[in-house]
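Structure first, then comments.
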Amino acid sequence: MKNTRAILVAAVLTGLPVAAYSQGTPAPGDAFLYIIWPPDGTTVKGPFWCRFGLRNMGVTQAGSNAPNTGHHHLLIDVNEPLDPNEPIPQDKTHLHFGAGQTEARIELLPGKHTLQLVLADAKHYPFNPPVISKKITITIK
């Protein structure tokens with residue numbers, strides 16, 4: 001009961017797809033992850049460049065244990081919470097940018113889609129507290 005309440009409180013307070021704080025690497029409390037482009041609500045035609053922004057932490061490649069750094073993961077149309085005790089999955093909806101990329105060309109089918117960034121530690125675990133962007137919605141023509 002206590003664990004269920006903690007998970008619900010964390011999910012409600014953060015409004016993010018991580019239900020509880022991870023067992024992973026500590027993150028600065030003022031770390032801020034965001035999508036630079038495209039803006040929320042935008043309609044784009046065909047493949048587009050998605051640009052990632054991060055403040056108060058650095059970006060590095062996966063596997064690096066440099067302090068206060070991580071690498072990006074882009075969640076596409078993901079509604080399920082991430083398990084903070086597991087590495088972020090790698091599939092068509094959980095894209096990994098383990099070389100330290102801060103932008104990517106994304107190709108999606110026409111229609112509405114959601115995008116959200118998650119910063120992960122050297123082993124692909126979400127940070128503690130999670131460093132996650134606002135979820136945005138875009139439309140592909």
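A short reminder: the numbers here are calculations on the coordinates, not readings from a lab. This one's a predicted model, so the numbers in the text were calculated from it and none came from an experiment.
Multiply the residue gap between N56 and T137 by 0.36 nm, knock off their C-alpha separation, and tell me the result in nm, one decimal place. Mind dumping the intermediate values first?
Values: separation 81, 0.36 × 81 = 29.16 nm, distance 2.52 nm.
My answer for the length gained is 26.6 nm.
Can you tell me how the stretch 36-80 classifies by the Cα gyration tensor, rounded, prolate or oblate, using a/c under 1.5 as the rounded cut? Write down the numbers at each step before the final one.
Values: a/c = 2.51, a/b = 2.03, b/c = 1.24.
It is prolate, given that a/c is not under 1.5 and a/b is the larger ratio.
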